[in-house]
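One structure is given here, and the rest of the page talks about it.
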Amino acid sequence: MAGPRVRIAIRDLSKTFAQGSREVAAVDRVSFDVCDKEFVAVVGPSGCGKSTILNMIGALVAPSGGQILVDGQPVAGRPAPQVGYVFQKDTVFPWRTVERNIALGLEYRGIPPAERERRVREAITLAGLQGFEDAFPATLSGGMRQRVALMRSLIVDPEILLMDEPFGALDTHTKLTLHAELLGLWEAKHQTVVFVTHDLSEAITLADRVVVLTRRPGKVKLIYEVRLRRPRDVITLRETGEYLREYGEIWHALGEEFAERTA
Ligand SMILES: Nc1ncnc2c1ncn2[C@@H]1O[C@H](COP(=O)(O)OP(=O)(O)O)[C@@H](O)[C@H]1O
Ligand SMILES: [Mg+2]
(Lines give C-alpha, C1' and ligand atoms only; values in the text may rest on other atoms or scores of the structure.)
(Ligands and ions follow the chains in the order given, each with its own letter.)
Protein backbone atom coordinates (compact mmCIF):
# COMPACT_ATOMS: atom_id res chain seq x y z
CA MET A 1 0.00 0.00 0.00
CA ALA A 2 1.37 3.42 -0.91
CA GLY A 3 1.95 5.80 2.00
CA PRO A 4 1.26 9.53 1.89
CA ARG A 5 3.07 11.37 -0.87
CA VAL A 6 6.27 13.06 0.27
CA ARG A 7 6.38 16.67 -0.99
CA ILE A 8 9.61 17.76 0.70
CA ALA A 9 12.40 15.29 1.44
CA ILE A 10 15.29 16.63 3.51
CA ARG A 11 18.32 14.36 3.76
CA ASP A 12 21.43 14.99 5.88
CA LEU A 13 21.10 18.70 5.30
CA SER A 14 23.99 20.78 6.65
CA LYS A 15 25.04 24.40 6.45
CA THR A 16 28.23 26.08 7.55
CA PHE A 17 28.55 29.86 7.21
CA ALA A 18 31.80 31.77 6.93
CA GLN A 19 31.73 34.66 9.41
CA GLY A 20 34.94 36.55 8.70
CA SER A 21 37.72 34.05 9.33
CA ARG A 22 35.42 31.84 11.45
CA GLU A 23 33.22 29.02 10.28
CA VAL A 24 29.86 28.75 11.98
CA ALA A 25 28.06 25.40 11.77
CA ALA A 26 24.39 26.39 11.66
CA VAL A 27 22.67 23.14 10.60
CA ASP A 28 24.03 19.64 11.12
CA ARG A 29 22.76 16.66 9.11
CA VAL A 30 19.06 17.34 9.43
CA SER A 31 16.64 14.85 7.87
CA PHE A 32 12.87 14.85 7.80
CA ASP A 33 10.02 14.52 5.31
CA VAL A 34 6.97 16.68 4.81
CA CYS A 35 4.00 14.88 3.29
CA ASP A 36 1.28 16.23 1.06
CA LYS A 37 -1.18 18.48 2.94
CA GLU A 38 0.81 18.11 6.12
CA PHE A 39 1.44 21.00 8.53
CA VAL A 40 4.91 20.58 10.00
CA ALA A 41 6.33 22.96 12.60
CA VAL A 42 10.07 23.27 13.19
CA VAL A 43 10.92 24.52 16.69
CA GLY A 44 14.19 25.17 18.43
CA PRO A 45 16.07 27.80 20.39
CA SER A 46 16.93 31.08 18.73
CA GLY A 47 19.97 30.78 16.45
CA CYS A 48 19.70 27.01 16.02
CA GLY A 49 19.36 27.20 12.24
CA LYS A 50 15.57 27.23 11.71
CA SER A 51 15.54 30.08 9.21
CA THR A 52 18.58 28.61 7.49
CA ILE A 53 16.72 25.31 6.94
CA LEU A 54 13.67 27.12 5.58
CA ASN A 55 15.86 29.30 3.35
CA MET A 56 17.52 26.20 1.94
CA ILE A 57 14.12 24.65 1.16
CA GLY A 58 13.19 27.94 -0.53
CA ALA A 59 16.49 28.03 -2.45
CA LEU A 60 17.52 31.33 -0.84
CA VAL A 61 20.56 29.69 0.78
CA ALA A 62 22.69 26.91 -0.74
CA PRO A 63 23.33 23.86 1.48
CA SER A 64 26.89 22.90 2.43
CA GLY A 65 25.89 19.25 2.46
CA GLY A 66 22.95 16.93 1.99
CA GLN A 67 19.95 17.20 -0.26
CA ILE A 68 16.46 18.64 -0.51
CA LEU A 69 13.90 17.28 -2.94
CA VAL A 70 10.66 19.11 -3.61
CA ASP A 71 8.24 16.79 -5.40
CA GLY A 72 11.20 14.60 -6.26
CA GLN A 73 13.22 17.41 -7.85
CA PRO A 74 16.46 18.61 -6.25
CA VAL A 75 16.21 22.24 -5.11
CA ALA A 76 18.90 24.02 -7.03
CA GLY A 77 19.39 27.75 -7.36
CA ARG A 78 15.81 28.86 -7.59
CA PRO A 79 12.62 28.23 -5.65
CA ALA A 80 10.27 25.55 -6.92
CA PRO A 81 7.25 27.26 -8.54
CA GLN A 82 4.81 25.53 -6.18
CA VAL A 83 6.43 27.20 -3.13
CA GLY A 84 5.28 30.38 -1.34
CA TYR A 85 7.05 32.21 1.50
CA VAL A 86 5.89 34.25 4.51
CA PHE A 87 8.60 35.88 6.62
CA GLN A 88 8.69 37.09 10.21
CA LYS A 89 9.20 40.71 9.44
CA ASP A 90 6.30 41.89 7.41
CA THR A 91 7.74 42.21 3.97
CA VAL A 92 4.97 44.33 2.53
CA PHE A 93 6.11 47.22 0.36
CA PRO A 94 5.49 50.54 2.11
CA TRP A 95 4.88 52.40 -1.16
CA ARG A 96 2.15 50.03 -2.32
CA THR A 97 -1.39 50.07 -0.98
CA VAL A 98 -2.91 46.96 0.66
CA GLU A 99 -4.58 46.05 -2.61
CA ARG A 100 -1.44 46.50 -4.67
CA ASN A 101 0.70 44.59 -2.17
CA ILE A 102 -1.66 41.63 -2.34
CA ALA A 103 -1.78 41.82 -6.14
CA LEU A 104 2.01 41.68 -6.49
CA GLY A 105 2.39 37.93 -7.13
CA LEU A 106 -0.42 38.02 -9.68
CA GLU A 107 1.26 40.93 -11.47
CA TYR A 108 4.53 38.95 -11.61
CA ARG A 109 2.68 36.04 -13.14
CA GLY A 110 1.02 38.21 -15.74
CA ILE A 111 -2.54 37.47 -14.59
CA PRO A 112 -4.93 39.74 -16.55
CA PRO A 113 -6.32 42.77 -14.63
CA ALA A 114 -9.94 41.57 -14.40
CA GLU A 115 -9.01 38.25 -12.83
CA ARG A 116 -6.40 39.96 -10.68
CA GLU A 117 -9.02 42.31 -9.31
CA ARG A 118 -11.44 39.50 -8.58
CA ARG A 119 -8.83 37.45 -6.71
CA VAL A 120 -7.56 40.45 -4.75
CA ARG A 121 -11.11 41.29 -3.68
CA GLU A 122 -11.62 37.70 -2.52
CA ALA A 123 -8.33 37.76 -0.56
CA ILE A 124 -9.23 41.06 1.07
CA THR A 125 -12.55 39.62 2.22
CA LEU A 126 -10.89 36.42 3.51
CA ALA A 127 -8.42 38.50 5.51
CA GLY A 128 -11.10 40.89 6.82
CA LEU A 129 -9.32 43.86 5.29
CA GLN A 130 -12.38 45.39 3.65
CA GLY A 131 -12.24 49.18 3.81
CA PHE A 132 -8.42 49.15 3.88
CA GLU A 133 -7.87 48.43 0.18
CA ASP A 134 -6.27 51.83 -0.44
CA ALA A 135 -4.44 52.13 2.86
CA PHE A 136 -0.65 52.18 2.98
CA PRO A 137 1.11 49.69 5.30
CA ALA A 138 2.42 52.40 7.63
CA THR A 139 -1.16 53.18 8.66
CA LEU A 140 -1.97 49.56 9.59
CA SER A 141 -1.44 47.55 12.79
CA GLY A 142 1.22 44.81 12.85
CA GLY A 143 -1.49 42.15 12.68
CA MET A 144 -3.06 43.73 9.61
CA ARG A 145 0.29 44.04 7.87
CA GLN A 146 0.96 40.37 8.52
CA ARG A 147 -2.47 39.52 7.07
CA VAL A 148 -1.48 41.44 3.94
CA ALA A 149 1.80 39.50 3.75
CA LEU A 150 -0.04 36.21 4.24
CA MET A 151 -2.61 37.02 1.56
CA ARG A 152 0.09 38.12 -0.84
CA SER A 153 1.59 34.64 -0.54
CA LEU A 154 -1.72 32.74 -0.58
CA ILE A 155 -3.21 34.57 -3.55
CA VAL A 156 -1.03 32.70 -6.04
CA ASP A 157 -2.32 29.44 -4.50
CA PRO A 158 1.01 27.89 -3.49
CA GLU A 159 0.75 24.18 -2.80
CA ILE A 160 3.69 24.43 -0.42
CA LEU A 161 3.92 27.26 2.10
CA LEU A 162 7.13 28.12 3.97
CA MET A 163 6.51 30.32 7.01
CA ASP A 164 9.30 31.83 9.10
CA GLU A 165 7.98 33.00 12.49
CA PRO A 166 5.29 34.98 10.67
CA PHE A 167 3.55 35.98 13.92
CA GLY A 168 6.71 36.35 16.00
CA ALA A 169 6.44 40.11 16.36
CA LEU A 170 2.76 40.20 17.35
CA ASP A 171 1.17 40.46 20.78
CA THR A 172 -0.51 37.36 22.22
CA HIS A 173 -4.07 38.34 21.38
CA THR A 174 -3.30 39.24 17.77
CA LYS A 175 -1.21 36.10 17.45
CA LEU A 176 -4.10 33.87 18.58
CA THR A 177 -6.47 35.61 16.19
CA LEU A 178 -4.07 34.98 13.33
CA HIS A 179 -3.61 31.35 14.38
CA ALA A 180 -7.36 30.87 14.11
CA GLU A 181 -7.43 32.62 10.73
CA LEU A 182 -4.48 30.63 9.39
CA LEU A 183 -6.05 27.33 10.51
CA GLY A 184 -9.32 28.35 8.83
CA LEU A 185 -7.54 29.12 5.57
CA TRP A 186 -5.54 25.91 5.82
CA GLU A 187 -8.65 23.78 6.46
CA ALA A 188 -10.03 25.10 3.17
CA LYS A 189 -6.96 24.43 0.98
CA HIS A 190 -4.71 22.07 2.95
CA GLN A 191 -1.46 23.48 1.70
CA THR A 192 1.68 21.59 2.65
CA VAL A 193 3.20 23.84 5.32
CA VAL A 194 6.60 24.15 6.96
CA PHE A 195 6.21 26.61 9.85
CA VAL A 196 9.29 27.74 11.75
CA THR A 197 8.90 29.10 15.28
CA HIS A 198 10.60 29.24 18.67
CA ASP A 199 7.15 29.23 20.30
CA LEU A 200 6.15 25.70 21.30
CA SER A 201 2.48 26.49 21.99
CA GLU A 202 2.21 27.97 18.51
CA ALA A 203 3.75 24.81 17.02
CA ILE A 204 1.35 22.49 18.87
CA THR A 205 -1.70 24.62 18.14
CA LEU A 206 -1.05 24.58 14.40
CA ALA A 207 0.90 21.51 13.38
CA ASP A 208 0.40 17.84 12.61
CA ARG A 209 4.02 17.12 13.48
CA VAL A 210 6.67 19.08 15.32
CA VAL A 211 10.35 18.75 14.46
CA VAL A 212 12.35 19.76 17.54
CA LEU A 213 15.90 20.96 16.86
CA THR A 214 18.82 21.08 19.26
CA ARG A 215 20.58 24.37 19.90
CA ARG A 216 23.14 25.39 17.28
CA PRO A 217 24.25 23.63 15.22
CA GLY A 218 20.68 22.46 14.73
CA LYS A 219 20.22 18.69 14.69
CA VAL A 220 16.92 16.85 14.85
CA LYS A 221 16.27 16.09 18.50
CA LEU A 222 12.77 14.71 18.22
CA ILE A 223 9.97 14.41 15.69
CA TYR A 224 6.66 14.51 17.51
CA GLU A 225 3.22 13.71 16.16
CA VAL A 226 0.55 16.08 17.51
CA ARG A 227 -2.60 14.05 18.03
CA LEU A 228 -5.01 16.91 18.72
CA ARG A 229 -8.20 16.62 16.70
CA ARG A 230 -9.10 19.12 13.99
CA PRO A 231 -10.64 21.55 13.50
CA ARG A 232 -8.93 23.08 16.51
CA ASP A 233 -10.21 25.98 18.57
CA VAL A 234 -7.04 27.92 19.33
CA ILE A 235 -8.44 29.37 22.58
CA THR A 236 -10.14 26.42 24.28
CA LEU A 237 -7.50 23.98 22.99
CA ARG A 238 -5.00 25.28 25.52
CA GLU A 239 -7.18 24.28 28.45
CA THR A 240 -7.53 20.67 27.38
CA GLY A 241 -5.64 17.83 29.03
CA GLU A 242 -4.49 16.53 25.64
CA TYR A 243 -2.84 19.83 24.80
CA LEU A 244 -1.09 20.00 28.15
CA ARG A 245 0.13 16.44 27.75
CA GLU A 246 1.55 17.11 24.27
CA TYR A 247 3.12 20.33 25.51
CA GLY A 248 4.73 18.58 28.45
CA GLU A 249 6.22 15.84 26.31
CA ILE A 250 7.80 18.18 23.77
CA TRP A 251 8.79 20.74 26.39
CA HIS A 252 10.85 18.09 28.07
CA ALA A 253 12.98 17.68 24.91
CA LEU A 254 13.08 21.38 24.08
CA GLY A 255 13.69 22.42 27.68
CA GLU A 256 16.95 20.48 27.71
CA GLU A 257 18.11 22.60 24.79
CA PHE A 258 17.24 25.83 26.53
CA ALA A 259 18.76 24.69 29.81
CA GLU A 260 22.19 23.74 28.46
CA ARG A 261 23.23 27.18 27.31
CA THR A 262 26.66 27.66 25.96
CA ALA A 263 28.33 31.05 25.81
N1 LIG B 1 24.03 34.75 6.02
C2 LIG B 1 24.67 34.35 7.11
N3 LIG B 1 25.99 34.52 7.26
C4 LIG B 1 26.65 34.10 8.36
N5 LIG B 1 26.05 33.47 9.39
C6 LIG B 1 24.73 33.27 9.32
C7 LIG B 1 23.96 33.68 8.19
N8 LIG B 1 22.65 33.35 8.38
C9 LIG B 1 22.62 32.73 9.59
N10 LIG B 1 23.86 32.69 10.15
C11 LIG B 1 24.20 32.06 11.44
O12 LIG B 1 23.66 30.75 11.48
C13 LIG B 1 23.11 30.46 12.75
C14 LIG B 1 21.64 30.06 12.59
O15 LIG B 1 20.88 31.19 12.16
P16 LIG B 1 19.32 31.13 11.85
O17 LIG B 1 19.07 30.05 10.87
O18 LIG B 1 18.91 32.49 11.48
O19 LIG B 1 18.73 30.70 13.28
P20 LIG B 1 17.21 30.74 13.81
O21 LIG B 1 16.32 31.07 12.65
O22 LIG B 1 16.98 29.37 14.37
O23 LIG B 1 17.16 31.76 14.89
C24 LIG B 1 23.31 31.71 13.60
O25 LIG B 1 24.46 31.51 14.40
C26 LIG B 1 23.54 32.80 12.60
O27 LIG B 1 24.40 33.78 13.11
MG1 LIG C 1 15.04 32.67 12.35
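The values are calculated or read from the model by the stated rules, or taken from the named source; none is laboratory data. What you see is a predicted model; the values in this text were computed from it and never measured. Cβ sites come from the backbone with ideal geometry, for glycine too, and all protein chains shown count toward neighbours. Just so you know, the surface numbers come from the protein's heavy atoms only, side chains and all, with ligands and any DNA or RNA stripped out. Shrake-Rupley method; radii C 1.70, N 1.55, O 1.52, S 1.80 Å.
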### Task
Quick one: which residues, 5 or more positions from residue 195 or on another chain, have an amide H under 5 Å from its amide H? H modelled 1.01 Å from N in the peptide plane, none for Pro or chain starts.
40, 41, 42, 163
### Message
Explain nothing, just the number: relative contact order of the stretch 115-199, from Cα pairs under 8 Å at least 6 residues apart, as a whole percent.
### Response
33 percent
#### Entry: Loop-located chymotrypsin sites (Phe, Trp or Tyr not before Pro) in the stretch 1-99, at most 16 other Cβ atoms within 10 Å (DSSP)
95
### Query
So what J values fall out for the stretch 172-186 if you push phi through Karplus, 6.51 cos²θ - 1.76 cosθ + 1.60 with θ = phi - 60°, rounded to Hz, Gly and Pro as x?
4, 5, 5, 4, 5, 4, 6, 4, 4, 5, 4, 5, x, 5, 5
### Query
Of the heavy-atom accessible surface of the stretch 92-157 (probe 1.4 angstrom), what whole percent is carbon and sulfur?
55 percent
## Note on the structure
Phi-derived 3J(HN,Hα) across the stretch 151-160 with the Karplus relation (6.51, -1.76, 1.60, θ = phi - 60°), rounded Hz, x for Gly and Pro, is 5, 4, 6, 6, 5, 8, 6, x, 7, 10
### Query
Taking H as built 1.01 Å from N, whose amide H comes closer than 5 Å to the amide H of residue 66, not counting residues under 5 places away?
14
#### Entry: Per-residue HN-Hα couplings for the stretch 92-97 [Karplus 6.51, -1.76, 1.60; θ = phi - 60°; Hz; x = Gly/Pro]
6, 8, x, 8, 10, 5
### Close Lys-Lys pairs in the chain, where close means Cα under 24 Å and separation is 8 or more or interchain
14
### Query
If you take all C-alpha pairs in the chain, what percent of them are over 36 Å apart?
14 percent
### Message
Using a 7 Å offset from Cα along Cα-Cβ at residue 180, what residues in the stretch 102-124 end up with backbone N under 18 Å from the label point?
### Response
none
### Query
When only Cα pairs under 8 Å and 6 or more residues apart are kept, what is the percent relative contact order across the chain?
26 percent
### Gain on full stretching of the segment that runs from residue 19 to residue 71 - 0.36 nm per residue minus C-alpha separation
15.4 nm
#### Entry: For the stretch 92-157, convex hull volume per residue from C-alpha positions, Å³
73 Å³
#### Entry: Stretch in the chain that is longest and holds no trypsin sites (Lys or Arg not before Pro) that DSSP places in a loop and that have at most 13 other beta carbons within 10 Å
110-226
### Task
Find the centroid of the Cα atoms in the stretch 58-127 and in the stretch 161-194, then give the distance between the two in whole Å.
16 Å
